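A short write-up of the structure that comes next.
Every number here is computed from the coordinates shown, using simple stated rules; none is lab data. Source: prediction; values computed, not measured. Cβ atoms come from the backbone with ideal geometry, glycine included; neighbour counts cover every protein chain shown.
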């Protein structure tokens, strides 16, 4: 029985290579889709993973998905703080804002707003600067990838499409038409 199956498989070379190619392509697609799924899922919980201080997260009851940007009302935050066994609760906001760069271009940016008293939710590792700069008015911390790509500035202001340099500490930009000074890079 086994010998008949092997003869049928190897007997027609074109059919054999067609089956082999089909199986290889199907395996590639399965692996690719699995990696896309894992990547999307890891991005979904990245903010929670990078904020280890919180044991429990409370959101607005009308929030439908992770990137749904609905800030929690102050009264709801006070209700959470009043629950027995809750030692602390602080607000954390995640949303999208339009950034106007010094070159005049605009970029949509992910923004994480943290509690200014406790600074819970700040980046765990800073590359340049210190998290305490967030206590200064109008100061922000940007991510390294953003500084090198989306927020990068042209070396020659007369040629905005030319080579670019990473945006640096001390430079200003506008977030929703409000001044913001870069105080650190994470």
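Values as computed for the structure displayed
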| read-out | value |
| --- | --- |
| Over segment 2-44, equivalent-ellipsoid semi-axes from the Cα gyration tensor in Å | 36, 10, 4 |
| Rel. contact order, % - alpha carbon contacts under 8 angstrom, at least six apart, the chain | 16 |
| Approximate spin-label separation residue 38-residue 175, in nm, with each point projected 7 Å along Cα-to-Cβ | 3.3 |
| Alpha-carbon centroid distance for the pair segment 51-73 / segment 1-20, whole angstrom | 57 |
| Linear extension gain, residue 115 paired with residue 164, 0.36 nm per residue minus alpha-carbon span | 14.3 nm |
| Helix 2-11 vs. the chain, principal-axis angle (Cα, 0 to 90°, nearest 10) | 80 |
| Added length on full extension, which subtracts the Cα-Cα distance from 0.36 nm per residue, residue 68 to residue 156 | 27.8 nm |
| R0 of 35 Å, Cβ-Cβ distance residue 93-residue 31: FRET efficiency to nearest 0.05 | 0.40 |
| Computed [θ] at 222 nm, helices only, for the chain once each DSSP H run of length n ≥ 4 contributes -39500 (n - 2.57) | -10000 deg cm²/dmol |
| Acute angle (nearest 10 degrees) that the helix 13-44 long axis makes with the longest principal axis of the chain, alpha-carbon atoms | 20 |
| Volume per residue that the Cα convex hull of segment 46-118 spans, once the total is divided by residue count, Å³ | 127 |
| For segment 68-185: span of alpha carbons on each principal axis (Å, largest first) | 60, 26, 22 |
| Computed FRET value (nearest 0.05) for residue 1 with residue 21, which takes r as the C-beta separation and R₀ as 30 Å | 0.70 |
| Relative exposure of 175, 28, judged by other C-beta atoms within 10 Å (fewest first) | 28, 175 |
